[in-house]
Structure formats: C-alpha cells, structure tokens
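Structure first, then comments.
The values are calculated or read from the model by the stated rules, or taken from the named source; none is laboratory data. On a predicted model such as this, the values are computed, not experimentally measured, just so you know. Heads up, the Cβs are rebuilt from the backbone with ideal geometry, glycines too, and the neighbour counts pull from every protein chain shown. What goes into the accessible areas is simple: the full protein's heavy atoms, side chains included, and nothing from ligands, DNA or RNA. Shrake-Rupley method; radii C 1.70, N 1.55, O 1.52, S 1.80 Å.
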Amino acid sequence: MQFPKIDKIPLTDQIVLPEMVKVRQHFAYEDLADPVAALKEQLLALDPATIAGVKDKRIGISAGSRGVPFYKEMMRAICDQLKAWGAKPFIFPAMGSHAGATGEGQKEHLKQFGISEEYLDVPVLSSMEVVCVTKLDDGFPVYCDKYAYEADGIILFNKVKPHTHFKYEHESGLLKMICIGVGKHVGCSTFHAAGYDNFGPNLERVS
C-alpha cells in the first residue's frame, strides 16, 4: 500500500514562547516517626465507655485495595487491641470492584500487602454479597458488604487523598470508603453509573 508524501509543518513556527523560570512549591507536612505507636496511643485514648462497649462484639475492619505505609502493621495493631479489649475482630475487603470483583480475588489482593489471616490472627471474610441498607428519597440505593452489615460495628481503615477524576469537598477518604469500598461491586457500579459530576454530592448524602 502506498501513502502520499506529507510535508511536515513545525507546530511551533507561529508560536512565540515567553520567558520561563523554575518554580518550586513546598507544602506543609508532618512526619510520624512511628505511625504504629501513634495509632496505638490513639486507640488507648478512646473513652472508657467506647472501650467497654466492644467486649464480645464482632467488629469488621475495612481493608482497601491501595497500598498504605505500615499497612499490615497498623491493621495488626487494631486487631490486637480489639482482642485485648475482648472484641472479635475480622477483616473484610472494601475495594468496590477491584481485584476482579470476586471474593477470592479481593482476599488474594490483600495478601500482597501482608493482610492475611496468618499474620493478623483474625478471619478475613471476603464476599461480593451485599445488603441494600436503604434507598434515598430519589431511589438511590445504599449498599453494604454482607459481613460488615451483620457485624456489631465497623472500623473504617483507609487513606485520605485527592481523587484523580473529580474535585469536591470530600474525595478519596472516609466517605468514599463507606459508599464505594464497603458497597462492593454493586455500590461501586451504582456510583459510577450516576457519573463523576454527581460523585461529590452522592458521597455526602449516601454516607
């Protein structure tokens, strides 16, 4: 097959480039020398009524699909402390449709971070089954992981960061973990079907 010869036209011929300078921006931040110790300190600082209230209770801890520094160590600190208080903790994957949108796939995905039954000494209960908790006034459904729904309480463990596809007061953080992570594939699909333009407002009202 023959193609006609095309004369290449420089794209910058008619563009006058302005003078440029390098700029560096520094953001304020805090480093934790020992994040695991800081987490344990915060757990022990909870009020006595909250601590006493978890005894003999099944507590589900959400585990997301993104890597977090000291992920497995902080998860173990939470599990160990709950057990010390007499609770019965378990881990459940909270990652929407990630890892192939299967229970086994999500459980295996967590293992690459060291989040496993062997390391944490608690069950990792992974299923794509959900419960429709309620529907909002306009019919928008609210879903929850079945294991988490059947627990006596839920601890949300996740990182907080800007989202790459939408901008709003709340982006990738606690609210997104509640709505999409804990909502599994069904909850995730429901949110995405409504479009990114509605992501922010939906996170607030669904959570």
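I'd like to know which of PRO123, LEU156, GLN112 lies farthest towards the positive end of the charge dipole of the range 65-207, counting +1 on Cβ of Lys and Arg and -1 on Cβ of Asp and Glu.
Farthest towards the positive pole: GLN112.
Taking the structure as given and computing Cα Rg over 2.2 N^0.38 Å, which label from [x] 1.02; [y] 1.36; [z] 1.12 fits?
Comparing each candidate, only [y] matches the computed number.
Give me, ordered by chain and number, the residues 5 or more places off LYS88 or on other chains with an amide H under 5 Å from its own placed amide H.
ASP56, LYS57, ARG58, ILE59
Convert each backbone phi in the range 52-58 into a coupling constant with the Karplus relation 6.51 cos²θ - 1.76 cosθ + 1.60 (shift: θ = phi - 60°), then list the ³J(HN,Hα) values in order as whole Hz, x for Gly and Pro.
Here the 3J(HN,Hα) series is 5, x, 8, 4, 6, 9, 7 Hz.
Using the crude model of +1 on Lys and Arg Cβ and -1 on Asp and Glu Cβ, and no other charge, please compute the dipole size for the range 28-153 relative to its Cα centre, in debye to 20.
Magnitude of the dipole: close to 240 debye.
Counting only the heavy atoms of the protein chains, how much of SER62 is accessible to a 1.4 Å probe, in Å² to the nearest 10?
That residue has around 0 Å² of solvent-accessible surface.
Counting only the heavy atoms of the protein chains, how much of SER116 is accessible to a 1.4 Å probe, in Å² to the nearest 10?
Per-residue accessible area (SER116): approximately 20 Å².
Largest first, how would LYS83, LYS88 line up by accessible area (1.4 Å probe)?
Result of the area sort, largest leading: LYS88, LYS83.
Excluding ligands and nucleic acids, what accessible area in Å² is computed for CYS132 using a 1.4 Å probe, to the nearest 10?
So the heavy atoms of CYS132 present about 60 Å² to solvent.
Tell me what the chain gives for mean residue ellipticity at 222 nm when only DSSP H runs of n ≥ 4 count, each as -39,500 (n - 2.57), the sum divided by the residue total, rounded to 500 deg cm²/dmol.
-8500 deg cm²/dmol
Carbon and sulfur: what percent of the range 96-160's accessible surface (1.4 Å probe)?
The nonpolar share, carbon plus sulfur, comes to 48 percent.
Choose one answer from ALA28, ALA99, ALA38: the residue with the largest mean-square fluctuation in a GNM of the chain with alpha-carbon springs under 10 Å.
ALA28
What list of ³J(HN,Hα) couplings, whole Hz, do you get for the range 113-119 from phi and the Karplus terms 6.51, -1.76, 1.60, once you set θ to phi - 60° and write x for glycine and proline?
Per residue, the Karplus-derived 3J(HN,Hα) values read 9, x, 7, 9, 5, 5, 6 Hz.
Order the following by accessible area, largest value first: PHE140, PHE70. Probe radius 1.4 Å; ligands, DNA and RNA are ignored.
PHE70, PHE140
Accessible area per residue for the chain in Å², computed with a 1.4 Å probe and the full protein assembly in place, what is it?
65
List every residue whose amide H lies under 5 Å from the amide H of TYR143, counting only residues 5 or more places away in sequence or on a different chain, with H placed 1.01 Å from N in the peptide plane.
Under 5 Å from the amide H of TYR143: VAL133.
Among GLU41, GLU108, GLU19, what's the order by accessible area (1.4 angstrom probe), most exposed first?
GLU19, GLU41, GLU108
Please give the contour-minus-distance gain from HIS26 to LEU174: 0.36 nm per residue of separation, less the Cα-Cα distance, rounded to one decimal in nm.
This chain segment gains 50.7 nm when fully extended.
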